[in-house]
1. Just name the residue that is surrounded by the most Cβ atoms within 10 Å (Cβ to Cβ) out of those in the stretch 120-142 that are small (Gly, Ala, Ser) and over 17 Å from the mean Cα position of the chain (by Cα).
2. Got a number for residues in the stretch 2-48 being within 18 Å of the chain's Cα centre (by Cα), closer than 13 Å to SER109 by Cβ and not aliphatic (A, V, I, L, M)?
3. Out of GLY44, GLY11, which single residue is outside any strand (DSSP E or B), within 16 Å of LYS205 (Cα to Cα) and in the same structural domain as ILE298 (by TED's automatic domain parsing)?
4. Which numbered condition in (1) part of a loop (DSSP other than H, G, I, E, B); (2) not assigned by TED's automatic domain parsing to the domain that holds GLY142 is the only one that LEU119 fails?
5. Here's a check for you: in the stretch 314-335, which residue that is buried (at least 20 other Cβ atoms within 10 Å of the Cβ) and not in a helix (DSSP H, G or I) is modelled with the highest pLDDT?
6. Among (1) among the aromatic types (Phe, Trp, Tyr); (2) within 24 Å of GLY15 (Cβ to Cβ); (3) surrounded by fewer than 17 Cβ atoms within 10 Å (Cβ to Cβ), where does PHE240 come up short?
7. Somewhere in the stretch 70-79, is a residue out of contact with any helix residue (DSSP H, G or I) (no Cβ under 7 Å at 6 or more places or on another chain), among the aliphatic types (A, V, I, L, M), part of a strand (DSSP E or B) and within 30 Å of VAL267 (Cβ to Cβ)?
8. Please verify whether TYR88 is outside the structural domain of GLY145 (by TED's automatic domain parsing), touching a Phe, Trp or Tyr at 6+ places or on another chain (Cβ under 9 Å) and aromatic (Phe, Trp, Tyr), treating the condition exactly as stated.
Amino acid sequence: MDACDALIVGGGPAGSACAWALKRAGLDVAIIDRATFPRNKVCGGWITPAVLEELQIDPKEYARGRVLQPLTGFLTGRIGGPEVRTDYGQPVSCGIRRCEFDAFLLERSGARVLQNTPLKTTERAGGQWIVNATLAARILIGAGGHFCPVARHLGADARKETAVAAQELEFEMTPEQQQKCSIRGEVPELYFCGDMKGYGWCFRKGNYLNVGLGRLDQKGLPNHVAEFVAFLRKAGKIAFDLPVSMLGHAYLLYSRTNRKVVDDAVVLIGDAAGVAYSQSGEGIRPAIESGLLAAEVIVAAKGKYTRENLEPYRTALAERFGESGPDLSTSVGSRLPSSWIEALGRAVLANGWFSRHVVLDRWFLHRKQPALHLFPGAEQIEER
């Protein structure tokens, strides 16, 4: 039987970030994932400079042969309403393709990776986890997304949770389609639904175009998506038919989840823990940060992975993400008629100051939240 210190179920950004940090601390780490990388992943696909800083990634290195689209501004508004353009004059975020980004992080993690390997069985024996009857680990880390089997082991029931549902597609445009697309690569476009329960996006990354929409209210999602695509075409954003069908996925917002994230020798990270930002639903940065925070606690436990020793991770999540509070629709929407919410949305989304300092700086970019610096550089580890 193969053995490791830590077994991570899920090779996405959360799992890869956690593995990278644990490996740098000297632990033997393995990752299993039911997919084969590179894989397609439903996601708008942008990261802030903080992500590169936290993972100590050289952007020039990453950009070799991969998409790294600088974003210097945004168009925001209500679907069918006035648009507000915000220019920052410098890159404040970067567009990535998840198929490239996830594969890069997984390889860079340095962990042993077992691809095309779903988690089928878990057994607790002799102070270890026995997974699929072939792999023993001292601690099990669930990073398998909203429907992670490790989360189910801790009692999560996705059928009873309020999740964001999204549909999205990404494709490489033909030369003709490029001429019929008015979206600029450095300026993604974000459009909120009238009831403020979701938003759609249209995002160009070089020759690739990403279009999608996500909502807290899952009922009628296909109709909302169809209406959004119709709006994009009517407004001249994309003057052609989308070539492929959209794919769907679901995820939890941090302000709306009560998942158990730690137990004896088990931790949940990323979408398995439900750490997506409450206002924007963006999940890459919080997923990566949850992986790094979990790694810090695991290293500090020094092999004694009791629930008590792992509890600081739950506290760290609350300190990092708990102050964000509910979004506009949850804090106000439960108390006001829908017509009032729509009127309020029209007013605030048409305001340039609100669009820049609240919608973008606070909800989407989290510009005032500094990057985590939990692990030393490689040269410092070598010196130790």
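The values are calculated or read from the model by the stated rules, or taken from the named source; none is laboratory data. Please read these numbers as outputs of a predicted model, since none were measured by experiment. Note that we place each Cβ from the backbone using ideal geometry, even for glycine, and neighbour counts take in every protein chain shown.
1. ALA137
2. 10
3. Matching residue, one of GLY44, GLY11: GLY44.
4. (2)
5. Among residues in the stretch 314-335 that are buried (at least 20 other Cβ atoms within 10 Å of the Cβ) and not in a helix (DSSP H, G or I), the one modelled with the highest pLDDT is ASP327.
6. Just one mismatch for PHE240, condition (2).
7. no
8. yes
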